[in-house]
Amino acid sequence: MRAMLLVNPKATTTNARTRDVLIRALGAAVELSVEETRYRGHAASLASTARAKGFDVVAVLGGDGTINETVNGLLNPVDGPDLPLGDDPSTGRPGLLVIPGGSANVFARALGLPNDPVESTGQVLEAIREGRRRTVGLGQALWEGQSRYFTFCSGMGYDAEVVRAVEGLRGTGRKATPTRYVNTALRHYLATDKRHPPMTVTGPGIPPAGGVFMAIVSNTSPWTYVGAHPVRPTPWASFETGLDLLGLRRMGPITLSGVISHILTESDALPSGRHLVQLHDEAEITLTADRPVAFQLDGDYLGERETVTFRSTPNALQVLV
(Lines give C-alpha, C1' and ligand atoms only; values in the text may rest on other atoms or scores of the structure.)
Protein backbone atom coordinates (compact mmCIF):
# COMPACT_ATOMS: atom_id res chain seq x y z
CA MET A 1 0.00 0.00 0.00
CA ARG A 2 1.39 3.38 -1.06
CA ALA A 3 0.53 6.24 1.26
CA MET A 4 1.31 9.94 1.30
CA LEU A 5 1.38 11.47 4.79
CA LEU A 6 0.65 15.19 5.01
CA VAL A 7 2.12 16.68 8.17
CA ASN A 8 1.21 20.08 9.53
CA PRO A 9 4.38 21.06 11.45
CA LYS A 10 2.37 23.71 13.32
CA ALA A 11 -0.26 21.24 14.57
CA THR A 12 -1.39 22.28 18.03
CA THR A 13 -1.01 19.05 20.01
CA THR A 14 2.12 17.44 18.56
CA ASN A 15 5.83 18.19 18.67
CA ALA A 16 8.72 17.14 16.44
CA ARG A 17 9.58 14.09 18.56
CA THR A 18 5.99 12.81 18.58
CA ARG A 19 5.68 13.35 14.83
CA ASP A 20 8.89 11.37 14.21
CA VAL A 21 7.59 8.45 16.27
CA LEU A 22 4.27 8.42 14.42
CA ILE A 23 5.96 8.65 11.02
CA ARG A 24 8.21 5.67 11.84
CA ALA A 25 5.22 3.63 13.00
CA LEU A 26 3.28 4.34 9.79
CA GLY A 27 6.36 3.78 7.67
CA ALA A 28 6.67 0.27 9.07
CA ALA A 29 3.15 -0.57 7.87
CA VAL A 30 2.98 1.07 4.42
CA GLU A 31 5.20 2.44 1.67
CA LEU A 32 5.24 5.99 3.00
CA SER A 33 5.98 9.34 1.40
CA VAL A 34 6.00 12.30 3.81
CA GLU A 35 5.19 15.90 2.89
CA GLU A 36 5.03 18.92 5.20
CA THR A 37 2.39 21.57 4.60
CA ARG A 38 3.94 25.02 4.30
CA TYR A 39 1.14 27.44 3.53
CA ARG A 40 -2.64 27.79 3.39
CA GLY A 41 -4.02 25.51 0.66
CA HIS A 42 -0.85 23.41 0.43
CA ALA A 43 -2.53 20.28 1.82
CA ALA A 44 -5.20 20.47 -0.93
CA SER A 45 -2.53 20.69 -3.61
CA LEU A 46 -0.56 17.78 -2.16
CA ALA A 47 -3.66 15.59 -1.81
CA SER A 48 -4.63 16.31 -5.41
CA THR A 49 -1.13 15.34 -6.54
CA ALA A 50 -1.31 12.12 -4.48
CA ARG A 51 -4.55 11.18 -6.21
CA ALA A 52 -3.13 11.94 -9.66
CA LYS A 53 -0.06 9.79 -8.90
CA GLY A 54 -2.14 6.81 -7.84
CA PHE A 55 -1.46 6.69 -4.12
CA ASP A 56 -3.72 4.24 -2.30
CA VAL A 57 -4.06 6.34 0.85
CA VAL A 58 -3.58 9.96 1.88
CA ALA A 59 -2.87 10.29 5.60
CA VAL A 60 -3.12 13.53 7.57
CA LEU A 61 -1.38 14.48 10.80
CA GLY A 62 -2.99 17.78 11.70
CA GLY A 63 -6.18 19.52 12.76
CA ASP A 64 -9.57 19.97 11.14
CA GLY A 65 -8.29 22.72 8.83
CA THR A 66 -5.60 20.50 7.33
CA ILE A 67 -8.07 17.63 7.01
CA ASN A 68 -10.56 19.87 5.24
CA GLU A 69 -7.94 21.00 2.73
CA THR A 70 -6.92 17.38 2.14
CA VAL A 71 -10.50 16.27 1.52
CA ASN A 72 -11.02 19.09 -0.98
CA GLY A 73 -7.82 18.11 -2.77
CA LEU A 74 -9.00 14.52 -3.03
CA LEU A 75 -12.39 15.52 -4.45
CA ASN A 76 -11.13 18.34 -6.69
CA PRO A 77 -8.07 17.02 -8.57
CA VAL A 78 -6.07 19.74 -10.32
CA ASP A 79 -3.03 17.77 -11.46
CA GLY A 80 -4.76 15.38 -13.82
CA PRO A 81 -8.10 14.26 -15.27
CA ASP A 82 -10.84 13.18 -12.93
CA LEU A 83 -11.33 9.43 -12.57
CA PRO A 84 -14.42 7.48 -13.64
CA LEU A 85 -16.25 6.89 -10.36
CA GLY A 86 -19.27 4.74 -11.20
CA ASP A 87 -22.06 4.28 -8.66
CA ASP A 88 -19.76 4.61 -5.63
CA PRO A 89 -17.59 7.74 -5.95
CA SER A 90 -15.44 6.76 -2.96
CA THR A 91 -13.90 3.79 -4.82
CA GLY A 92 -12.26 6.10 -7.36
CA ARG A 93 -10.34 8.07 -4.76
CA PRO A 94 -7.47 7.29 -2.37
CA GLY A 95 -8.54 6.29 1.11
CA LEU A 96 -8.18 8.84 3.91
CA LEU A 97 -6.30 8.17 7.13
CA VAL A 98 -6.58 10.69 9.97
CA ILE A 99 -4.30 11.28 12.96
CA PRO A 100 -5.59 14.17 15.09
CA GLY A 101 -3.11 16.95 15.81
CA GLY A 102 -5.27 20.03 16.24
CA SER A 103 -7.07 21.69 19.12
CA ALA A 104 -10.59 20.29 18.53
CA ASN A 105 -10.18 17.37 16.08
CA VAL A 106 -13.93 17.19 15.48
CA PHE A 107 -13.79 15.03 12.35
CA ALA A 108 -11.41 12.47 13.87
CA ARG A 109 -13.43 12.19 17.07
CA ALA A 110 -16.70 11.91 15.14
CA LEU A 111 -15.15 8.89 13.41
CA GLY A 112 -14.53 7.33 16.83
CA LEU A 113 -10.78 7.95 16.94
CA PRO A 114 -9.10 8.81 20.25
CA ASN A 115 -8.15 12.47 20.63
CA ASP A 116 -4.57 11.48 21.45
CA PRO A 117 -2.41 11.21 18.30
CA VAL A 118 -0.41 8.22 19.58
CA GLU A 119 -3.54 6.26 20.49
CA SER A 120 -5.13 7.19 17.16
CA THR A 121 -2.07 5.94 15.30
CA GLY A 122 -2.46 2.59 17.02
CA GLN A 123 -6.09 2.38 15.92
CA VAL A 124 -5.42 3.32 12.30
CA LEU A 125 -2.56 0.81 12.15
CA GLU A 126 -5.08 -1.85 13.18
CA ALA A 127 -7.38 -0.62 10.41
CA ILE A 128 -4.55 -1.00 7.89
CA ARG A 129 -3.75 -4.54 9.05
CA GLU A 130 -7.40 -5.61 9.07
CA GLY A 131 -8.43 -3.73 5.92
CA ARG A 132 -11.10 -1.75 7.78
CA ARG A 133 -12.68 1.10 5.82
CA ARG A 134 -15.73 3.26 6.42
CA THR A 135 -17.47 5.08 3.59
CA VAL A 136 -18.56 8.57 4.62
CA GLY A 137 -20.58 11.33 3.03
CA LEU A 138 -19.58 14.99 2.99
CA GLY A 139 -21.30 18.33 2.73
CA GLN A 140 -20.62 20.84 -0.01
CA ALA A 141 -21.12 24.61 0.24
CA LEU A 142 -21.62 26.65 -2.94
CA TRP A 143 -21.56 30.45 -3.16
CA GLU A 144 -20.75 33.10 -5.79
CA GLY A 145 -19.35 30.60 -8.28
CA GLN A 146 -17.20 28.90 -5.62
CA SER A 147 -17.59 25.60 -3.81
CA ARG A 148 -15.92 23.75 -0.98
CA TYR A 149 -16.57 20.45 0.77
CA PHE A 150 -16.89 20.16 4.54
CA THR A 151 -16.47 17.14 6.77
CA PHE A 152 -18.56 17.99 9.84
CA CYS A 153 -20.20 21.43 9.78
CA SER A 154 -20.78 24.79 8.21
CA GLY A 155 -22.84 27.75 9.26
CA MET A 156 -23.81 31.38 8.98
CA GLY A 157 -24.43 33.99 11.63
CA TYR A 158 -23.36 34.06 15.26
CA ASP A 159 -21.23 30.89 15.28
CA ALA A 160 -19.29 32.10 12.24
CA GLU A 161 -18.76 35.48 13.89
CA VAL A 162 -17.18 33.70 16.87
CA VAL A 163 -14.93 31.69 14.52
CA ARG A 164 -13.88 34.96 12.84
CA ALA A 165 -13.03 36.52 16.19
CA VAL A 166 -10.99 33.51 17.35
CA GLU A 167 -9.09 33.43 14.05
CA GLY A 168 -8.18 37.05 14.67
CA LEU A 169 -6.80 36.12 18.08
CA ARG A 170 -4.85 33.22 16.58
CA GLY A 171 -3.31 35.68 14.15
CA THR A 172 -1.75 37.44 17.14
CA GLY A 173 -0.15 34.20 18.31
CA ARG A 174 -2.76 33.01 20.83
CA LYS A 175 -3.91 29.39 20.83
CA ALA A 176 -7.50 28.40 20.03
CA THR A 177 -8.26 26.75 23.36
CA PRO A 178 -11.80 25.77 24.49
CA THR A 179 -11.67 28.49 27.13
CA ARG A 180 -10.79 31.09 24.53
CA TYR A 181 -13.72 30.00 22.34
CA VAL A 182 -16.15 30.22 25.27
CA ASN A 183 -14.90 33.61 26.43
CA THR A 184 -14.96 34.97 22.88
CA ALA A 185 -18.49 33.66 22.35
CA LEU A 186 -19.70 35.38 25.53
CA ARG A 187 -18.07 38.70 24.64
CA HIS A 188 -19.35 38.55 21.10
CA TYR A 189 -22.88 37.73 22.22
CA LEU A 190 -23.10 41.02 24.09
CA ALA A 191 -22.38 42.89 20.85
CA THR A 192 -24.74 40.85 18.65
CA ASP A 193 -27.78 42.48 17.04
CA LYS A 194 -30.65 40.56 18.64
CA ARG A 195 -33.51 42.44 16.96
CA HIS A 196 -33.08 42.03 13.20
CA PRO A 197 -32.75 38.37 12.07
CA PRO A 198 -31.30 38.45 8.55
CA MET A 199 -31.64 34.90 7.18
CA THR A 200 -34.21 32.68 5.46
CA VAL A 201 -33.92 28.89 5.10
CA THR A 202 -35.17 27.31 1.86
CA GLY A 203 -34.60 24.17 -0.18
CA PRO A 204 -36.30 21.58 -2.41
CA GLY A 205 -39.45 20.51 -0.59
CA ILE A 206 -38.59 22.67 2.44
CA PRO A 207 -41.15 25.31 3.50
CA PRO A 208 -39.35 28.69 3.67
CA ALA A 209 -38.45 29.70 7.23
CA GLY A 210 -37.47 33.32 7.79
CA GLY A 211 -36.31 35.39 10.73
CA VAL A 212 -33.19 33.29 11.45
CA PHE A 213 -30.24 34.77 13.36
CA MET A 214 -27.91 31.76 13.28
CA ALA A 215 -27.91 28.54 11.23
CA ILE A 216 -25.74 25.48 11.80
CA VAL A 217 -25.54 22.96 8.96
CA SER A 218 -24.18 19.58 10.09
CA ASN A 219 -22.82 16.57 8.24
CA THR A 220 -22.35 14.58 11.45
CA SER A 221 -22.65 14.88 15.21
CA PRO A 222 -21.07 16.25 17.39
CA TRP A 223 -20.84 19.70 15.83
CA THR A 224 -17.79 20.60 17.92
CA TYR A 225 -16.27 19.97 21.35
CA VAL A 226 -15.67 22.09 24.41
CA GLY A 227 -12.64 20.27 25.73
CA ALA A 228 -13.76 16.67 26.17
CA HIS A 229 -17.44 17.59 26.07
CA PRO A 230 -19.35 17.10 22.77
CA VAL A 231 -21.69 19.82 21.51
CA ARG A 232 -24.67 18.30 19.67
CA PRO A 233 -27.12 20.80 18.15
CA THR A 234 -28.17 18.23 15.51
CA PRO A 235 -27.85 14.86 17.29
CA TRP A 236 -29.41 12.86 14.44
CA ALA A 237 -26.82 13.95 11.86
CA SER A 238 -24.42 11.29 10.56
CA PHE A 239 -21.97 10.58 7.77
CA GLU A 240 -24.51 8.13 6.30
CA THR A 241 -27.40 10.59 5.91
CA GLY A 242 -28.00 13.97 4.28
CA LEU A 243 -27.49 17.33 5.95
CA ASP A 244 -29.11 18.53 9.18
CA LEU A 245 -29.81 22.11 10.24
CA LEU A 246 -30.50 23.98 13.45
CA GLY A 247 -31.57 27.60 13.08
CA LEU A 248 -32.25 30.08 15.89
CA ARG A 249 -34.98 32.69 15.50
CA ARG A 250 -34.32 34.28 18.86
CA MET A 251 -31.03 35.29 20.50
CA GLY A 252 -32.31 36.35 23.91
CA PRO A 253 -30.42 35.06 26.98
CA ILE A 254 -33.23 32.74 28.12
CA THR A 255 -33.63 31.17 24.68
CA LEU A 256 -29.91 30.80 24.06
CA SER A 257 -29.14 29.40 27.49
CA GLY A 258 -31.88 26.80 27.07
CA VAL A 259 -30.52 25.67 23.71
CA ILE A 260 -26.93 25.57 24.99
CA SER A 261 -27.97 23.55 28.04
CA HIS A 262 -29.74 21.00 25.84
CA ILE A 263 -26.99 20.54 23.25
CA LEU A 264 -24.42 19.97 25.99
CA THR A 265 -26.37 17.13 27.59
CA GLU A 266 -25.27 14.48 25.05
CA SER A 267 -28.96 13.67 24.55
CA ASP A 268 -30.24 12.06 21.35
CA ALA A 269 -33.36 14.20 21.60
CA LEU A 270 -33.66 17.27 19.40
CA PRO A 271 -33.86 20.71 21.02
CA SER A 272 -37.46 21.93 21.07
CA GLY A 273 -39.25 25.25 20.75
CA ARG A 274 -41.09 27.49 18.28
CA HIS A 275 -37.99 29.66 18.06
CA LEU A 276 -36.04 26.86 16.32
CA VAL A 277 -35.82 25.78 12.68
CA GLN A 278 -34.78 22.12 12.37
CA LEU A 279 -34.12 19.92 9.36
CA HIS A 280 -32.86 16.34 9.09
CA ASP A 281 -31.41 14.27 6.24
CA GLU A 282 -31.79 16.92 3.53
CA ALA A 283 -30.13 16.74 0.12
CA GLU A 284 -29.96 20.53 -0.28
CA ILE A 285 -30.43 23.58 1.95
CA THR A 286 -30.04 27.26 1.02
CA LEU A 287 -29.45 30.15 3.42
CA THR A 288 -30.25 33.61 2.10
CA ALA A 289 -29.61 36.82 4.06
CA ASP A 290 -30.81 40.37 3.52
CA ARG A 291 -27.33 41.62 4.41
CA PRO A 292 -23.83 40.05 4.35
CA VAL A 293 -23.52 37.48 7.13
CA ALA A 294 -20.45 35.74 8.53
CA PHE A 295 -19.86 32.27 7.05
CA GLN A 296 -17.69 29.42 8.37
CA LEU A 297 -16.91 25.93 7.14
CA ASP A 298 -15.26 23.24 9.29
CA GLY A 299 -14.20 26.00 11.67
CA ASP A 300 -12.60 28.11 8.93
CA TYR A 301 -13.96 31.64 8.49
CA LEU A 302 -14.74 32.36 4.81
CA GLY A 303 -15.97 35.93 4.86
CA GLU A 304 -19.45 37.45 4.75
CA ARG A 305 -22.02 36.08 2.29
CA GLU A 306 -25.63 36.73 1.38
CA THR A 307 -26.48 33.34 -0.16
CA VAL A 308 -24.92 29.91 0.38
CA THR A 309 -26.32 26.58 -0.81
CA PHE A 310 -25.38 23.39 1.03
CA ARG A 311 -25.58 19.99 -0.65
CA SER A 312 -25.12 16.47 0.64
CA THR A 313 -22.45 14.37 -1.13
CA PRO A 314 -23.07 10.68 -0.31
CA ASN A 315 -20.29 8.04 -0.46
CA ALA A 316 -17.62 10.67 -0.94
CA LEU A 317 -14.63 9.04 0.76
CA GLN A 318 -13.38 5.83 2.30
CA VAL A 319 -11.70 6.38 5.67
CA LEU A 320 -9.40 3.84 7.30
CA VAL A 321 -10.68 3.70 10.87
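The values are calculated or read from the model by the stated rules, or taken from the named source; none is laboratory data. In this text, all values refer to a predicted model and were calculated from it rather than measured experimentally. Cβ: placed from backbone, ideal geometry, glycine included. Neighbour counts: every protein chain shown.
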Out of all the residues in the range 141-148, is one or more part of a helix (DSSP H, G or I), crowded, with 18+ Cβ neighbours inside 10 Å and not aromatic (Phe, Trp, Tyr)? no
Name the residue, out of Ile254, Ile260, that is under 21 Å from Thr224 (Cα atoms), outside the structural domain of Ala59 (by TED's automatic domain parsing), free of Cβ contacts under 8 Å to residues at least 24 places away in the same chain and among the aliphatic types (A, V, I, L, M). Ile260
Whether any residue in the range 19-33 is in contact with a Pro (Cβ under 6 Å, 6 or more places away or on another chain) and over 21 Å from Phe150 (Cβ atoms) is what I want to check. no
Index of the failed condition, Glu69 passing every other in (1) within 17 Å of Arg19 (Cα to Cα); (2) acidic (Asp, Glu); (3) in a helix (DSSP H, G or I): (1)
Condition test on Arg129, is it in a strand (DSSP E or B) and basic (Lys, Arg)? no
So which residues in the range 28-51 are part of a strand (DSSP E or B) and aliphatic (A, V, I, L, M)? Leu32, Val34
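Out of everything in the range 190-208 that is closer than 13 Å to Ala289 by Cβ, in contact with a Leu (Cβ under 9 Å, 6 or more places away or on another chain) and touching a residue at least 60 places away in the same chain (Cβ under 8 Å), what residue ends up being surrounded by the most Cβ atoms within 10 Å (Cβ to Cβ)?
Step one: filter the range 190-208 for residues closer than 13 Å to Ala289 by Cβ, giving 193, 196-202.
So of that shortlist, the ones also in contact with a Leu (Cβ under 9 Å, 6 or more places away or on another chain) come out as 197, 199-202.
Now restrict to residues that are touching a residue at least 60 places away in the same chain (Cβ under 8 Å): 199-202.
Values: Met199: 26, Thr200: 19, Val201: 22, Thr202: 16.
Of everything passing the filter in the range 190-208, Met199 is surrounded by the most Cβ atoms within 10 Å (Cβ to Cβ).
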Out of (1) touching a strand residue (DSSP E or B) at 6+ places or on another chain (Cβ under 8 Å); (2) not assigned by TED's automatic domain parsing to the domain that holds Arg93, the odd one out for Leu113 is which? (2)
Suppose we filter the range 263-275 for residues that are farther than 13 Å from Val231 by Cβ and either surrounded by fewer than 17 Cβ atoms within 10 Å (Cβ to Cβ) or among the polar types (S, T, N, Q) (or both); how many remain? 5
Among residues of the range 248-307 being assigned to a strand (DSSP E or B) and polar (S, T, N, Q), the residue nearest to Val182 (Cα to Cα) is Gln296
Among the residues that make up the range 265-282, is at least one of them of a type in the set (A, V, I, L, M) and at pLDDT below 95? yes
How many of the residues in the range 209-220 are in contact (Cβ under 8 Å) with a residue 60 or more places away in the chain and crowded, with 22+ Cβ neighbours inside 10 Å? 7
Please find, within the range 146-189, the residue that is farthest from Arg291 (Cα to Cα) out of those that are among the small types (Gly, Ala, Ser) and in contact (Cβ under 8 Å) with a residue 40 or more places away in the chain. Ala176
If you check Val118 against the conditions, is it assigned by TED's automatic domain parsing to the domain that holds Ala28 and under 17 Å from Leu317 (Cβ atoms)? no
Give all pairs with beta carbons closer than 6 Å in which a residue from the range 20-46 that is in contact (Cβ under 8 Å) with a residue 24 or more places away in the chain meets a residue that is among the hydroxyl-bearing types (Ser, Thr, Tyr); count only pairs at least 6 apart in sequence or on separate chains. Leu22/Thr121; Ala25/Thr121; Ala43/Thr37; Ala43/Thr66; Ala43/Thr70
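Out of Ala176, Ala160, Ala165, I need the residue that is crowded, with 24+ Cβ neighbours inside 10 Å, more than 22 Å from Leu26 (Cβ to Cβ) and either outside the structural domain of Val34 (by TED's automatic domain parsing) or among the acidic types (Asp, Glu) (or both). Which one?
Step by step, each of Ala176, Ala160, Ala165 is checked, and only Ala160 is crowded, with 24+ Cβ neighbours inside 10 Å, more than 22 Å from Leu26 (Cβ to Cβ) and either outside the structural domain of Val34 (by TED's automatic domain parsing) or among the acidic types (Asp, Glu) (or both).
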Among residues of the range 58-79, those that are farther than 23 Å from Tyr301 by Cα and crowded, with 24+ Cβ neighbours inside 10 Å, counted: 2
For a quick check of your reading of the model, give me the residue pairs whose first member lies in the range 227-239 and is touching a residue at least 24 places away in the same chain (Cβ under 8 Å) and farther than 20 Å from Asn183 by Cα, whose second is surrounded by fewer than 22 Cβ atoms within 10 Å (Cβ to Cβ) and basic (Lys, Arg), with beta-carbon atoms closer than 8 Å and at least 6 apart or on different chains. Phe239/Arg134
Listed residues Arg40, Arg93; which is under 30 Å from Thr224 (Cβ atoms), buried (at least 17 other Cβ atoms within 10 Å of the Cβ) and among the charged types (D, E, K, R)? Arg93
